[in-house]
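*Asks:* Starting off with a structure, shown below.
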Amino acid sequence: MRHLILLLLICCATGGYAKNQFAGVDIQFVRINISVDPAVKYIKGVTTHHFGLKTRQDRFLPVLLELSSELKVQSVIHGTKTLRFNHQGDSIIIFPQEVWGANDSISVQYEGVPESSGFGSVVFSKYGDTPMFWTLSEPDGAKDWYPCRQVNTDKYDSVQVVVSCPERYRSASNGIIISDTINNGIRTTTWMHRHKIAFYLVAVAVSEYEVSQEYIHLNNGDSVLYVNYYFRNQADQARKRTAKLIPAFKMLCDTFGTYPFADEKYGQAQFLWGGGMENQTMTFLMGFDPSLMIHELAHQWFGNTITCSRWTDVWINEGFAEWCEGFAEEIGVGRSNDPVSWRRRKIFSAASKPLGSIYVRDTTDVWEIFDTRMTYDKGCMLLHMLRTELGDQMFFGLLKYYIKHSPYRFANASSQNFFNLVNDYSGKDYTWFFDQWYYGRGTPIYRILWEQNTDKLLNVKIEQRRSDSSMTFFRAIVPIMIQGTNGESVFVRINNTDENQYFSLEPGFNVDKIIFDPYADIISWGSTTKEEKLSDNSSVKVHHEGSQITITSSNPKSYRHYLIQTFKHRVMQSGKIGSDGRVVVDLRRIPAGDYYIALEGDKSYFAKKITVSKKGQQHK
Ligand SMILES: [Zn+2]
């Protein structure tokens, strides 16, 4: 989902019943019959739930479904019998005749004038003079138009949506059309979707659509039916725009495995809500903006194939779909194909105000669940930074495994499930990463100081503040561009693991300036760079002989320890400096190559390049 306009959410109540007073059910197949005339604000429906019981004890207990109190339940049918029910608030409590069967079904007949909650869960509107009707059930609005269990983890095995409307209209829904008939001026269209589907991804739109169909031929040889429902008189213009999704469609299939519902279709239908909604196999959107189309399409993998377990974990849907938008920019199938500007906007949005975390603390607040800055913008940048940490090969391998082979496929994942998968897949513990970027608040703000010394070694000090006082330190890969006086440049990523860390680099040219994060890779806003005196060269003497270096400082208290590091900042050897300011370093265990030796103190830094030509035998 991506939104521009928000409305208030109305919460539901179960009228004093405790959870264990209801049968534990596993919903299997749901048939939703709905009659609607978009010109008349009224719906009539019959919804049949086929369900299994979780335990034998459950056969005595009532089944709980949710349905808005605005709609009136006419009857609940079980086989040929009517059942006793109690429609309290937005809950229908349905009592078994005697006991439920291990696999059973109930049909709820209802009608009334539906009222919207959330983002506009059930809407009668007009496009020009043309009436239209649509549903948008995420997060908790499905009950406003059909009786259901609003539980993300109880996915339906399959769903059938039967829509009856005046014959001049067409309906858009999930899966494929298995019958379309007209009787006495009423068109009845039966949609069938034979994949696991969460309750909120079922949807219906009805209007005077012009329908176009074509096939997308994927690089793996598969073909996918691509269906678009355009507003009347807009089809010619819109067709050019919907065609632009095809390269991105192929890209997503190549990156994450083929479209998960390739045996049915991918559809897009226009509606009048300011944004888009990724209904399974049938996205609803207002206009065919390339980024919006890619975002909603990406949800078919991230959000629909794998659905967030609870709304607390909505990042599992939105962070990934948003990241796919940026990835499309990167590989040339996005809106403007400028991934750096795209990410810069995300960083600005996420970091420009210091509030909040990606983790959703209050799921009764629809504004917090679908908080653009956190869930979407910080959420996609978290994935981008994870990619930097893991490297491309592991990152893409991980995502492909997650979507194609993990136990979460056609099921649900929590954010923590994903974090555990990252740790298992990589063999490393990234708990610190998710603690600071997902659960944590705020961002780091860097002050990068630099100085180039006489042997052209570039010394860099990374200082860090935090935009939120709850964070003590952000461990991160800090990207910088080093620019030379003759137009040279080199891009470097520095692994900043500690406060006030020093690094030495060998750019091979005279440095003119340093640019922080030139490619918008890290969430930080207001970071600066500055040339400043860092080293205290005058007080340190380095004497080398054989395989030993002797370092003497005339200010013994200035330095606490020494490091021998590669220019990729791998520490080869380290040790303390004596109280007399003297240390003898044995180089015999260091392989041949270029290194720098650094002395670090609280306020002082000294670095010098050394070359070891053969097992510590020579140096300079
Ligand atoms: Zn979305």
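*Asks:* Looking only at strands (runs of 3 or more DSSP E) that fall completely inside segment 500-587, which ones have 3 or more residues that are within 19 Å of TYR446 (Cβ to Cβ), touching a Ser or Thr at 6+ places or on another chain (Cβ under 8 Å) and β-branched (Val, Ile, Thr)? Give the derivation first.
*Replies:* Numbers: elements: 501-505, 511-516, 528-531, 540-545, 548-553, 561-565, 571-576, 582-586.
Where strands (runs of 3 or more DSSP E) fall fully within segment 500-587 and carry at least 3 residues being within 19 Å of TYR446 (Cβ to Cβ), touching a Ser or Thr at 6+ places or on another chain (Cβ under 8 Å) and β-branched (Val, Ile, Thr), they are 511-516.
*Asks:* Restricting attention to segment 252-262, does a residue exist that is surrounded by fewer than 20 Cβ atoms within 10 Å (Cβ to Cβ), of a type outside the set (A, V, I, L, M) and in contact (Cβ under 8 Å) with a residue 60 or more places away in the chain?
*Replies:* Yes, that holds for at least one residue.
*Asks:* A further question follows. Can you name the number of the only condition in (1) outside any loop (DSSP other than H, G, I, E, B); (2) farther than 22 Å from GLN150 by Cα; (3) in contact with a strand residue (DSSP E or B) (Cβ under 9 Å, 6 or more places away or on another chain) that GLY276 fails?
*Replies:* (2)
*Asks:* Here's another thing I want to ask about it. Only one residue in THR485, THR472 is of a type in the set (Val, Ile, Thr), more than 34 Å from the chain's Cα centre (by Cα) and not assigned by TED's automatic domain parsing to the domain that holds ILE564. Which one?
*Replies:* The match here is THR485.
*Asks:* Of everything in segment 427-485, what is of a type in the set (D, E, K, R), farther than 27 Å from TRP315 by Cα and part of a loop (DSSP other than H, G, I, E, B)? Give them in sequence order. If you could, list the steps in order and put the result at the bottom.
*Replies:* Narrowing segment 427-485 to residues of a type in the set (D, E, K, R): 428-429, 435, 441, 447, 451, 455-456, 461, 463, 465-466, 468, 475.
After this cut, where a residue has to be farther than 27 Å from TRP315 by Cα as well, the list is 447, 451, 455-456, 461, 463.
Answer for segment 427-485, where residues must be of a type in the set (D, E, K, R), farther than 27 Å from TRP315 by Cα and part of a loop (DSSP other than H, G, I, E, B): ASP455, LYS456.
*Asks:* Moving on. Spot the failing condition for PHE249; the list is (1) within 22 Å of the chain's Cα centre (by Cα); (2) more than 16 Å from the ligand (Cβ to nearest atom); (3) part of a loop (DSSP other than H, G, I, E, B), and only one is missed.
*Replies:* Here PHE249 meets the rest and fails (3).
*Asks:* Another one. From the list PHE327, PHE288, PHE271, exactly one residue is more than 11 Å from the ligand (Cβ to nearest atom) and under 23 Å from GLN160 (Cβ atoms). Which is it?
*Replies:* Among PHE327, PHE288, PHE271, only PHE271 is more than 11 Å from the ligand (Cβ to nearest atom) and under 23 Å from GLN160 (Cβ atoms).
*Asks:* Just to be sure before I move on: is PHE133 under 32 Å from the mean Cα position of the chain (by Cα), in a loop (DSSP other than H, G, I, E, B) and among the aromatic types (Phe, Trp, Tyr) in the structure I sent?
*Replies:* On the way: under 32 Å from the mean Cα position of the chain (by Cα): yes; in a loop (DSSP other than H, G, I, E, B): no; among the aromatic types (Phe, Trp, Tyr): yes.
When the stated conditions are applied, PHE133 does not pass them.
*Asks:* Check PHE327, PHE284, PHE348, PHE320 and return the single one that is touching a Phe, Trp or Tyr at 6+ places or on another chain (Cβ under 6 Å) and part of a helix (DSSP H, G or I).
*Replies:* Of PHE327, PHE284, PHE348, PHE320, the one residue that is touching a Phe, Trp or Tyr at 6+ places or on another chain (Cβ under 6 Å) and part of a helix (DSSP H, G or I) is PHE320.
*Asks:* Within segment 599-620, how many residues turn out to be at pLDDT 75 or above and either assigned to a strand (DSSP E or B) or surrounded by 17 or more Cβ atoms within 10 Å (Cβ to Cβ) (or both)?
*Replies:* 12
*Asks:* Being at pLDDT 95 or above and either away from the ligand (no atom under 16 Å from the Cβ) or over 16 Å from PHE302 (Cα atoms) (or both) narrows it down to one residue among GLY379, GLY397; which is it?
*Replies:* One residue alone meets the criteria, GLY397.
*Asks:* Identify all residues within segment 190-209 that are more than 20 Å from VAL123 (Cα to Cα) and either without any contact (Cβ under 8 Å) to a residue 24 or more places away in the chain or buried (at least 17 other Cβ atoms within 10 Å of the Cβ) (or both); write none if there are none. Even if it seems obvious, please write down each step before you answer.
*Replies:* The first filter runs over segment 190-209 and keeps only residues more than 20 Å from VAL123 (Cα to Cα), leaving 190-198.
Scanning segment 190-209 gives THR190, TRP191, MET192, HIS193, HIS195, LYS196, ILE197, ALA198.
*Asks:* Answer yes or no as to whether TYR266 is away from the ligand (no atom under 15 Å from the Cβ), touching a Cys at 6+ places or on another chain (Cβ under 9 Å) and under 21 Å from LYS196 (Cα atoms).
*Replies:* Answer is no for this residue.
*Asks:* Out of (1) free of Cβ contacts under 8 Å to residues at least 24 places away in the same chain; (2) touching a Leu at 6+ places or on another chain (Cβ under 9 Å), the odd one out for LYS608 is which?
*Replies:* (1)
*Asks:* Okay, moving on. Report yes if ARG232 is more than 30 Å from SER68 (Cα to Cα) and touching a residue at least 60 places away in the same chain (Cβ under 8 Å), otherwise no.
*Replies:* Details: more than 30 Å from SER68 (Cα to Cα): yes; touching a residue at least 60 places away in the same chain (Cβ under 8 Å): yes.
For ARG232, the condition - more than 30 Å from SER68 (Cα to Cα) and touching a residue at least 60 places away in the same chain (Cβ under 8 Å) - is met.
The values are calculated or read from the model by the stated rules, or taken from the named source; none is laboratory data. Please read all numbers here as calculations on a predicted model, not as lab measurements. Note: ideal-geometry Cβ built from the backbone for every residue, glycine included; neighbour counts use all protein chains shown.
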